[in-house]
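Colleague: Please find one structure pasted underneath; my questions will follow.
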Amino acid sequence: MASLKSPSRIIQLATTILESVTIIDHGLASDGIASPTFDEASFKILPELSAHHDAVLDVISELLDLLLEPLDLIHRHSGYNNSVCMQAISEFKIADLVPLRGQISCDDIATQTPITSEMTARLLRYAMTMRIFREPEPGMVVHTAVSEPCAGQ
């Protein structure tokens, strides 16, 4: 008996995009609203389609992040607030504190830096929105493909 292989994450994301965009397109068409363009006329999402709209935007962001190489992903997220976050991670050598192929608590990281536990957790969670580090369980931090090259271990 052949085992059923689950589709890869990028196929799952692409499928979600196709399904949600199809629902949005049909919903707009049924209300006589043109499909979004870059023309001057503003596009407003219908309230009943907002969940699908949000899903598409979230999934597109994740798919883009997955398909970028680690350094390209860091450059994508290098706006001012993001660079302040990256500067703190670099200055306090936080990537070095996270063990390769292991995990560490936010509190343990904080004890090895001059910033409070609360600020350390906020900093790390902000970095996680850029796929830099991951929180496999509450309060624990592990490397991602993006953060690992930043570690000088």
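FYI, it's all coordinate maths here, none of it is from the lab. All values reported here derive from a predicted model rather than from experimental measurement. Ideal geometry is used to build each Cβ from the backbone, glycine not excepted, and the neighbour counts take in all protein chains shown.
Colleague: Which number comes out as Rg/Rh for the range 70-150 once both Rg and the Kirkwood Rh are worked out on C-alpha atoms?
Modeller: Rg/Rh for the range 70-150 comes to 0.92.
Colleague: Work out, step by step, the length gained on full extension between MET119 and THR22: first 0.36 nm times the residue separation, then minus their alpha carbon distance; give nm to one decimal. Don't skip to the end; give the middle numbers.
Modeller: On the way: separation 97, 0.36 × 97 = 34.92 nm, distance 4.18 nm.
Extending this stretch completely gives an extra 30.7 nm.
Colleague: Here is a follow-up. Evaluate the relative contact order of the chain (contact order divided by residue number), counting alpha-carbon pairs under 8 angstrom at least 6 apart; express in whole percent.
Modeller: 20 percent
Colleague: Magnitude of the Cβ-charge dipole of the range 9-67, K/R +1 and D/E -1, about the Cα centre, nearest 20 debye?
Modeller: Result for the range 9-67 is approximately 100 debye, rounded to the nearest 20.
Colleague: Could I ask something else about it? Here are a few candidate values for Rg/Rh (Cα atoms, Kirkwood Rh): (1) 1.10; (2) 1.07; (3) 1.42. Which one was actually calculated from the structure I just gave you?
Modeller: So the calculated entry is the one marked (1).
Colleague: Further question: Nothing charged except the Cβ atoms of Lys and Arg (+1) and of Asp and Glu (-1): what's the magnitude of the dipole of the range 70-150 about its Cα centre? Round to the nearest 20 debye. Show your work: numbers first, answer last.
Modeller: Working: 7 positive and 9 negative charges, 45 e Å.
Result for the range 70-150 is approximately 220 debye, rounded to the nearest 20.
Colleague: Relative contact order of the range 9-67: what whole-number percent is it, with Cα pairs under 8 angstrom and at least 6 residues apart? Please list the in-between numbers first.
Modeller: On the way: 34 pairs, mean separation 30.8, N = 59.
That works out to 52 percent.
Colleague: Using just the helices of the chain, give the 222 nm mean residue ellipticity in deg cm²/dmol: DSSP H runs with n ≥ 4 each add -39,500 (n - 2.57), and the total is spread over all residues, rounded to 500.
Modeller: -16500 deg cm²/dmol
Colleague: Turning to a different aspect of this structure: Taking every pair of alpha-carbon atoms in the range 9-67, give the share separated by more than 19 Å as a whole percent.
Modeller: Distances greater than 19 Å cover 34 percent of the Cα pairs.
Colleague: Out of PRO47, HIS26, ILE10, whose Cα points farthest toward the positive end of the dipole of the range 9-67 (charges: +1 Lys, Arg; -1 Asp, Glu; placed on Cβ)?
Modeller: My answer, from the dipole projection, is ILE10.
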